[in-house]
1. In 10 Å bins starting at zero, report the fraction of Cα pairs in the chain per bin as a rounded %.
2. Only Lys, Arg, Asp and Glu count, each charged at its Cβ (+1, +1, -1, -1), so figure out the dipole size of the stretch 46-107 about its Cα centre, rounded to 20 debye.
3. Just the number, please: carbon plus sulfur as a percent of the accessible area of the chain, 1.4 Å probe, no ligands or DNA/RNA counted.
4. In nm, to one decimal, how far is the modelled label at Asp49 from the one at Ala375, with both set 7 Å along Cα→Cβ?
5. Looking at the chain as a GNM with Cα springs under 10 Å, which of Met222, Met151, Met245 has the largest mean-square fluctuation?
6. Expected output is a single nm value to one decimal: the length gained when fully extending between Glu128 and Asn93, i.e. 0.36 nm times separation in residues minus the C-alpha distance. What is it?
7. Suppose the chain between Tyr368 and Ser74 were pulled fully straight at 0.36 nm per residue; how much longer would it get relative to their current alpha carbon spacing?
8. What is the packing order of peptides 358-364, 98-104, taking the mean over residues of other C-beta atoms within 10 Å and listing the highest first?
Amino acid sequence: MDASSPISLQQTPHQDYSVSEASPKPYKKSFVTSLMEAAALRTPSFKEDTYFISHLKNSEKKALQELRDKLSVSYGSDATSECSMWGIPLLSNDEKADVILLKFLRARDFRVQDSLHMLEKCLSWRKEFGADDIVEEDLGFKELEGVVAYMHGYDREGHPVCYNAYGVFKDKEMYERIFGDEEKLKKFLRWRVQVLERGIRLLHFKPGGVNSIIQVTDLKDMPKRELRVASNQILSLFQDNYPEMVARKIFVNVPWYFSVLYSVFSPFLTQRTKSKFVISKEGNVAETLYKFIRPEDVPVQYGGLSRPSDLQNGPPKPASEFAVKGGEKVNIQIEGIEAGATITWDIVVGGWDLEYSAEFVPNAAGSYTIAVEKARKIAPSEEAIRNSYTSREAGKMVLSVDNTFSRKKKVAAYRYFVRKSAIA
């Protein structure tokens, strides 16, 4: 039995929700709130660049051929090893090479000479930095893996997702251990490049394929001043050597001042740049990420269902999404559970702050309903709940989320599987 089995969602409006006496006074938005709302999720929809040669403008086709010719003159037809990236010979005149060349051309608005200069500098840097072999290196940052920068799952369109969170560096001891001197900073930058290179290995470099990643950056508790040098170096390194590798940049847990700054500088950004940005303030993380990433691929710390241990078990089991409206209680009924079967479930509501409970309802008349998880208030910061129950008799599991005392609509997701008893 899986998540395709019959399930009913029962929504019970809070009886007192519409009583006029309980209605608050009209809320007047502050200037800062208005700016934040203007910045959040209001960027133009992103349309990924095409890498089909037939879809290019004539001027772009001409620029691509010119870049090929100039590169061939610079490196010669026999310089395959020196003129390659990610195992792809750039002089091979095939579609994979064209994808990479087009990235450099787009980064320089199809100015061929500027694109060639950027490409040559990148090739030189990769050789000097040892970028081709960096994925296999043991750089010793075990404590940062899965915390500061890491690849985790895919978005709804198949792009690998890279998460970045630098809040741990508010701890001065941690900061000194990682960035205490120039050599430590260099080693960290090398590790950060390693994370990106791992993500790039997941790309197709093929027209119509997945040719870029998604970046999710968590700004919560990020120490701005202390990380200024490291941030600037990372940004410069990536801009110079990884052009057009990021399809979308999602900023979560954004403090009010970041939204204000974005609103101020937004008019000076190109539509192309703005179309890649998504700004989400604190409290809207799950709601924002679910727009682009399925819940089963979103890490539990961001309101999803994905735990690090799950990644070792193959592709994640798909989750069902639903919404919990303000003033409503939603019951998820999982029916058809046989006697002796074990049901395991995951459930999460973005920004919880509501009541949750789980009970098993036997089919037999006269049997008592079993409170598997008593109703309790779930804190906003609590991660997805995972639990299991082995039934002694046939019946159904009912998972309840009670949002009757809130006016805020919340995104939610659940999944489950049932293992039948091994005893015939």
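1. Here the calculated profile for the chain is 4, 18, 24, 23, 16, 10, 4, 1, 0.
2. On the way: 9 positive and 10 negative charges, 56 e Å.
The dipole magnitude comes to about 260 debye.
3. Working: 11390 of 22400 Å².
Here carbon and sulfur together make up 51 percent of the probe-accessible area.
4. 5.6
5. So, out of Met222, Met151, Met245, the one fluctuating most is Met222.
6. Values: separation 35, 0.36 × 35 = 12.60 nm, distance 2.53 nm.
Once the chain is fully extended between Glu128 and Asn93, it gains 10.1 nm.
7. So the extension gain works out to 97.8 nm.
8. Working: 358-364: 17.0, 98-104: 22.6.
Ranked by mean Cβ neighbours within 10 Å, highest first: 98-104, 358-364.
The values are calculated or read from the model by the stated rules, or taken from the named source; none is laboratory data. Small disclaimer: the values here were computed from a predicted structure and weren't measured. When we count neighbours, we look across all protein chains shown, and the Cβ atoms used for this are built from the backbone with ideal geometry, even at glycine. The area values use the complete protein model at the heavy-atom level, side chains included, leaving out ligands, DNA and RNA. Shrake-Rupley method; radii C 1.70, N 1.55, O 1.52, S 1.80 Å.
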